[in-house]
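What follows is a single structure, written as structure tokens, with notes after it.
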Protein chains: 2
Amino acid sequence: MSHHHHAYVGVDLGGTNMQCGVLGADGKVLAREGAKTKADEGADAVIKRMRKLVEQVIEKSGLPQDHIKGLGVGAPGAIDVKKGVVVTAVNLRWNDLPLAKMLEKELKMPVVVDNDVNVGTWGEYKAGAGRGYDSLLGVFIGTGIGGGLIFDGKLFHGHYLTAGEIGHTIMDAGGGLGKRTLENLASRSSIASQIASLIHANHPSVVTEIVEGDMTRVRSKVIAQAYKAKDPLTVRVVNEAARVIGYAAANAVTLLSLPCVVIGGGLTEALGKTLVYEVQNAFEDAVFPPELKQCKIIASTLGDDAGLIGAALLAQEVLTA
Amino acid sequence: MSHHHHAYVGVDLGGTNMQCGVLGADGKVLAREGAKTKADEGADAVIKRMRKLVEQVIEKSGLPQDHIKGLGVGAPGAIDVKKGVVVTAVNLRWNDLPLAKMLEKELKMPVVVDNDVNVGTWGEYKAGAGRGYDSLLGVFIGTGIGGGLIFDGKLFHGHYLTAGEIGHTIMDAGGGLGKRTLENLASRSSIASQIASLIHANHPSVVTEIVEGDMTRVRSKVIAQAYKAKDPLTVRVVNEAARVIGYAAANAVTLLSLPCVVIGGGLTEALGKTLVYEVQNAFEDAVFPPELKQCKIIASTLGDDAGLIGAALLAQEVLTA
């Protein structure tokens, strides 16, 4: 592996788990390792655990220390990317934590920190579904819905460094019902609770059997299983969510004239092309002007690796710029 | 006026009228003149008329020809700004018209063409309400609703050069009612037709008297007059439109993390701060994360001059870049 003279490490830091990988010069993951985050032990303990994880993964990769040129971290929450500070991360209970500086001190290498969704979008842009486009929107569907923007080959952070929060855009300005956001209408959690509500209201569904009556078990795989079994209730709820996701993608593309939208997250992976097809139909029905129907709506290809690959590639981008 | 060695001419080309002005080095309009567009006479006739108008205005300004460094044109429709081509302008019945080249031939000076709303946004950014912000969204409310985007001091055109079409974003994904766009819900035409419908359904309103029963006369001034007289029907319709405009502005700022939104167009000018106040309230109710409530929602200050001033300033920007 002597040709990997310029390798980067990426960490996808989540509220529960962290994933770490070493990326070779060819963009391949040379080694990977995961660990629990244990945010309740406090920031110092989490950072020590990250240090250990990074060191383990470098060792596992077989690369000499001096071939590792830097570390990229995708962290949940609001990040001041210029300073490498986690401004707020609710999941981790961190506020104004100088994560980049603290990790640089531990690891003796340059560290780049960005928001987890931005980092995932960067991964899909550089090495995944979005390769070859100059600009794109990444939409990741999970408990919430997050987004990231690439304009002309650069991550777009915006004036307050919070850009990309498509999940909080209003898709239903409603009269009496109040405003509802994309996340309210189409996140995996929203889909699960809509299915649960309908079942509670005595609508028949195969989901009841799959989860043996335990609605807390309605997650991506269960939803996908019921959807693939053509369970009418699940198909209706998921397709309605897909319609709203398609409209939200259309709103972003109508405003920004983008050539590509990458749809990712656990539900997308579980449902595959079926979901993206429904999103695309709604997108084409809504985008303006009509020539923007050319914009490609595509499923993410890096799956759970988008975060760590994107983090390593973003470190490379920022540190060699 | 001998200090205006670097003056630019701007033309705001509309479907019915064109406005032209010479801008001095200090950004002041030195001379101005208007003419009918008469699009039905064909593109060549319109271009000859533009030439005449530009020459008249230069003469009126008293500046020698060699102090005029270029012409900027804001044209309605889809513009290929790189080529200076009007791709489609429905109002003018133009398709793939090389407007910049044709005007350069007539006027023997460099010509820059952009979309009328982009040009108005640029005017507000450089010389109007948006001065001092690095990025902003311009929203212009009229027959339709148009938008323009400035990121980091540059007009953003997007991959297909159509960026800014906020009027066509979906604000009501609706179930049975179908999707409704910002324009459907909140343009001046939509407000007028909502008022007319309510009056037809026998709701009392002072508007009936103002227009003497002729609903085609419900335009910005009439709406403003009724709104200021606290006509309950008009207040309800306008405030509901303002709410949706505020939500649309919030959606854009949530996605793009912008520090400023400039609201313009005839209705904004007629209603003044009252409308902007209602928009701001809805904006703050909807934008995410909460720190983005700092983003300023402000009324345009250039009024009808935004187009010609913006066109001249854009020519200056592009030709001296």
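The relative contact order of chain A comes to 21 percent, based on Cα pairs under 8 Å that sit 6 or more residues apart. Distances between copies of residue A:41, taken at a point 7 Å out from Cα along the Cα→Cβ vector and listed shortest first: 8.1 nm. Is the shape of chain B best called rounded, prolate or oblate, per the rule: a/c under 1.5 gives rounded, else a/b larger than b/c gives prolate, else oblate, with a ≥ b ≥ c the square roots of the Cα gyration tensor eigenvalues? It is prolate, given that a/c is not under 1.5 and a/b is the larger ratio. Only Cα pairs under 8 Å and 6+ residues apart enter the sum, and on that basis the relative contact order of segment A:1-64 stands at 31 percent.
Where both bridge residues fall in the protein assembly as shown, DSSP classifies roughly 60% of the beta bridges as antiparallel. Cut-off under 20 Å on the C-alpha distance; same-chain residues fewer than 8 positions from residue A:82 excluded. Which lysines are left, in chain and number order? Leaving aside lysines fewer than 8 places away in the same chain, those within reach of residue A:82 are A:69, A:101, A:105, A:108, A:154.
Label points for residue B:230 are taken 7 Å from Cα along Cα→Cβ. From this copy to the others they lie 6.3 nm apart, shortest first. Could you give P(r) for segment B:132-300, binned at 10 Å from zero, as whole percent values over all Cα-Cα pairs? Here the calculated profile for segment B:132-300 is 11, 38, 33, 14, 4, 0. Distances, shortest first, from the label point of residue B:62 to those at the same position in the other copies read 8.3 nm; the point lies 7 Å along Cα to C-beta.
Other residues whose C-beta falls under 15 angstrom from the C-beta of residue A:279 contribute a net charge of +1, scoring Lys and Arg +1 and Asp and Glu -1.
How big a patch of accessible area, both sides summed and in Å² to the nearest 100, lies buried between A and B at a 1.4 Å probe? Can you show the working numbers first?
Working: alone 15140 and 15150 Å², together 26630 Å².
The buried area between A and B, both sides summed, comes to about 3700 Å².
Remark: the Cα gyration tensor places segment A:269-321 in the oblate category, a/c being 1.5 or greater and a/b not exceeding b/c. Oblate is the label for segment B:10-162, because the ratio a/c of its alpha-carbon gyration tensor axes (a ≥ b ≥ c) is 1.5 or higher and a/b is not greater than b/c. Pull up the DSSP beta bridges for chain A and report the antiparallel fraction as a percent, rounded to 5. Counting DSSP beta bridges with both partners in chain A, the antiparallel share is about 60 percent. Accessible surface of segment B:132-300, 1.4 Å probe: 53 percent of it comes from carbon and sulfur atoms. Taking 7 Å steps out from each Cα toward its Cβ at residue B:16 and residue A:200 produces label points 5.6 nm apart.
For a straight C-alpha distance cut-off of 19 angstrom, the aspartates and glutamates reachable from residue A:293 (same-chain residues fewer than eight places away being disregarded) are A:134, A:278, A:284, A:285, B:80, B:165. The mean count of C-beta atoms from other chains within 10 Å of the C-beta of residues in B:254-267, rounded to a whole number, is 4. For the protein assembly as shown, the alpha carbon positions stretch 77, 62, 39 Å along the principal axes, listed from largest to smallest. Computed from label points 7 Å out along Cα-Cβ, the spacing between residue B:55 and residue B:284 is 5.5 nm. So what's the gap between the Cα centers of segment A:272-321 and segment B:287-305, to the nearest angstrom? Using only Cα atoms, the two centres lie 30 Å from each other.
The values are calculated or read from the model by the stated rules, or taken from the named source; none is laboratory data. Predicted, not measured: the structure shown is a model, and the values here were computed from it. Note: ideal-geometry Cβ built from the backbone for every residue, glycine included; neighbour counts use all protein chains shown. Areas reflect the complete protein model, heavy atoms only, side chains present, ligands, DNA and RNA absent. Shrake-Rupley method; radii C 1.70, N 1.55, O 1.52, S 1.80 Å.
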